[in-house]
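Accompanying notes for the structure given below.
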Amino acid sequence: MSRRKLIYEGKAKILYEGPERNTMVQYFKDDATAFNNEKKAIIEGKGVLNNRISEFIFNQLNDVGLETHLIKRLNMREQLIKSCEVLPIEFVVRNIAAGSIVNRLGLNEGSILKNPVVEYYYKNDALGDPIVTIEHIKINDWANEEEIKKATKISLRINDVLSGLFRAVGIKLVDFKLEFGRYWNNEEKKIILVDEISPDTCRLWDTKNEKKLDKDRFRKDLGGLIEAYQEVAKRLGIMPEGTNIKEIKTGISKTIKLKKS
Ligand code: TMP
C-alpha cells in the first residue's frame, strides 16, 4: 500500500493516512518482537490472523456499547480506523498471575488474583516501558485524572466481556494489554479503545490443559505460534475447519469464508 501516506510504523503494525478526514488505515505486519525489540522474527500469516481476531473482538465490544476506533476491516491485512490521539500508556489487566508480575511480586504463575488488577506502563522504548502509577501519569501530563479513570473503568468492563467470550470457547483470559485514544466527535472528546486485541496482546490459556495460545509461544520459544492463533480464531468461530494454513500465510485466501465481510 505504498501509494498511501505513511503516518507511523510500529513493531507489529503500520498506520497510513485514511481515505477520509479523521480516518487512518491500520496494516497488520507479520513481525513479532519481544523484550523491547531484542528478539525479532517474521512469522508468516500472523498479521492476517491478528487482523481478523482483533476485528471480531472490537466488533463485539462496539456491539455492547464499548466504543473502539474500528470502523471496518478492509481486507486480509488492513482495517479502516478512526484517527485518535493515542495516550502514551499501556493499560494491562490481569486475572491470573503470569509474565512480569510473577517476578516483580514473587507470585506463583497460574495463581488466581483475588480480583482483576489494572496496571499502567509508560510507552517508551528507550526506558523499556516502565510500570508507573497514576500520580506519575498526572505529573507528566500523559493523561489527566478523568481520562485515566474512564480508561480504567472501560478496561475492567472489557475484561468482563472478554473473560466471558473466551470462557465460552474453553479459553482462560489470563491478562491483556489495552491502549486508548482521545477522539473528537464535533466538539465532544471521548476516550475510546485503539490499537488491537489479539493473541499478541493477551495471554490465553486452554482451560483444560493450560496450553498457551498466545505470543508467549514466541517469547518462550515454544513453537507452533500460527497454529495456536489459528486455534483461537477457530474457537471464536471466525475461521472454518479445514482452512489451509498456507493460504493464511500468503494472505490471499479465497477459501476463508468470513462471517462479516
Ligand atoms: P507482562 O506480563 O509482560 O507485563 O505482559 C502483560 C500483558 O500485556 C500480556 O498479555 C502481554 C501484553 N503485552 C503487550 O501486549 N505488549 C507489551 O509490550 C508487553 C510487555 C506486554
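The values are calculated or read from the model by the stated rules, or taken from the named source; none is laboratory data. No experiment lies behind these values; they were computed from the predicted model shown. Cβ atoms come from the backbone with ideal geometry, glycine included; neighbour counts cover every protein chain shown. What goes into the accessible areas is simple: the full protein's heavy atoms, side chains included, and nothing from ligands, DNA or RNA. Shrake-Rupley method; radii C 1.70, N 1.55, O 1.52, S 1.80 Å.
The table that follows gives values for the structure above.
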item: Test: residue in the stretch 138-149 that is over 23 Å from R217 (Cα atoms), in contact (Cβ under 8 Å) with a residue 60 or more places away in the chain and either within 11 Å of the ligand (Cβ to nearest atom) or outside any loop (DSSP other than H, G, I, E, B) (or both); result: yes
item: Matching residues, the stretch 106-137, being outside any loop (DSSP other than H, G, I, E, B) and hydroxyl-bearing (S, T, Y); result: Y120, Y121, Y122
item: Residue count for the stretch 9-45, restricted to those that are assigned to a loop (DSSP other than H, G, I, E, B), within 15 Å of the ligand (Cβ to nearest atom) and open to solvent by 30 Å² or more (accessible area, probe 1.4 Å); result: 5
item: Test: A32 is under 15 Å from the mean Cα position of the chain (by Cα) and in contact (Cβ under 8 Å) with a residue 40 or more places away in the chain; result: yes
item: Pick from the stretch 165-179, criterion open to solvent by 30 Å² or more (accessible area, probe 1.4 Å) and of a type in the set (A, V, I, L, M, F, W, C), ranking: farthest from the ligand (Cβ to nearest atom); result: A168
item: Members of the stretch 197-211 that are of a type in the set (D, E, K, R) and open to solvent by less than 30 Å² (accessible area, probe 1.4 Å); result: D200, D206
item: Which numbered condition N103 fails, given (1) within 12 Å of the ligand (Cβ to nearest atom); (2) part of a loop (DSSP other than H, G, I, E, B); result: (2)
item: Contacts under 8 angstrom Cβ, first residue in the stretch 8-24 being among the β-branched types (V, I, T), partner open to solvent by 30 Å² or more (accessible area, probe 1.4 Å), 6 or more apart; result: I14/L6; I14/Y8; I14/Y27; T23/I71; T23/K82; T23/S83
item: Evaluation of N159 against (1) more than 16 Å from the ligand (Cβ to nearest atom); (2) touching a residue at least 60 places away in the same chain (Cβ under 8 Å); (3) in a helix (DSSP H, G or I); (4) open to solvent by less than 50 Å² (accessible area, probe 1.4 Å) (one fails), failing number; result: (1)
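Residue by residue, here is whether (1) within 15 Å of the ligand (Cβ to nearest atom); (2) open to solvent by 30 Å² or more (accessible area, probe 1.4 Å) holds:
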| residue | (1), (2) |
| --- | --- |
| L127 | yes, yes |
| S163 | yes, no |
| G181 | no, no |
| D195 | yes, no |
